């Protein structure tokens, strides 16, 4: 069985553990938008955007450092596990204590005055996420994708269960958005039980030689992740800062943020596919780095990854007339025009993650920091310019511009330090043609939903058939 086929199989399993749970979590959008008006959903969107950024600091790039040092020849995996887990626990525990002590002023900064307990619950979510990050990474290194998937699926099952209970059975308007955060805390507690054996076997450790090397390798990765998460969440954090008053007639900034956040969930479908691939690909790249044929292998992996993402892009974009019903209230539908732009942006983000293998394999992680810091600058400046001009549509274009720029920079630097024969023209051809198909299909306005869905299905199946004709020989060769 070919290496690409093995990678594809592991990606499917990790997809069950990441895409499926988060897709089920995506279904909660309907529940949330049914219960909460756009103004309150905007607050939820903003809070979890902050959480996503702070989580990067809690984990401090230790997942990637664990893979790098645990796969070195002669490495003691258990020793590396203890060293990296020690760093994560120390940093996340220290920050958690500080945030809890400052919960009241932090609540004021987050514009939820009097909600110090909400800050504490959010801290609990982040702390548990950080503590189980290295145990999850160990499962990936050991290729225990099934156990990985089980852990993620049970967690999301608990999360959905508590959301349904709180919002459909025991709902109290005075509690408001607290229910969403409480459900996340309760679901995360399961992770502590799931990894009880690994967590109890952990012993705090520090090595005078290895620990400084781990930290030196990891902190640029952390900065890269921090800048990358800024690129991903900054528009949601600043829409209420830079959106001019009454830009959308009769709507507050929080209302617009709620619309933007709900429609953004569709773009996260691409992000989840990218994440599932990363779970499988990161250890894959490290494990195959020393093979003579690795450059060609990595080039093929990237090409097939782009094809899969193009299929997902087309499937979502031409079926928004049905998918929009996941948003519940039709108040949220006005933001659907941003979905194709965001999906394309996340496609390029996935390509960037593929290309970034070169600086991780050559221990030049500071280049990743430079690239993503550049992306962060583009995100901040472009949002400052475009939000007042085009609202959340402008923010969507910023996402695409940022991730495309990062991908281009990573490609040209990578070809200098770690040349890989990527199929640039062919891959870009797939992306361009797919975007054109979405654009052309959008011209056909079919009022009858059954006819419209049938037409979209025919387009999609023809697209798949053409890909098969173009790639069938390459697929057979890659699987051998």
| task | Put one equal scatterer on each alpha carbon of region 94-200, apply the Debye formula with no solvent term, and list log10 I(q)/I(0) at q = 0.14 1/Å to two decimals. | result | -0.66
| request: Return an integer: the convex hull volume of the alpha-carbon atoms of the chain, in Å³ per residue. | output: 151
| query | To the nearest Å, what is the center-to-center distance of region 379-442 and region 140-205, using C-alpha atoms only? | reply | 34
| Two-decimal Rg/Rh of region 330-480 from alpha-carbon positions, Kirkwood Rh? | 1.04
| remark: Full extension between residue 423 and residue 362 adds, at 0.36 nm per residue less the Cα distance, a length in nm of 19.8 nm
| request: Can you tell me how much longer the chain between residue 436 and residue 408 gets when fully stretched, taken as 0.36 nm per residue apart minus their C-alpha distance, in nm with one decimal? | output: 8.0 nm
| message | Let's test this: bin the Cα-Cα distances of region 39-102 at 5 Å from zero up to the farthest pair and state each bin's percent. | response | 3, 16, 18, 17, 14, 12, 9, 6, 3, 1, 0, 0
| query | What do the square roots of 5 times the Cα gyration tensor eigenvalues come to for region 407-447, in whole Å, largest first, as semi-axes of the equivalent ellipsoid? | reply | 35, 9, 5
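Values quoted throughout were computed directly from the atomic coordinates according to the rules given, and no laboratory measurement underlies them. Note that the structure is a prediction, hence the values are computed from the model and not measured.
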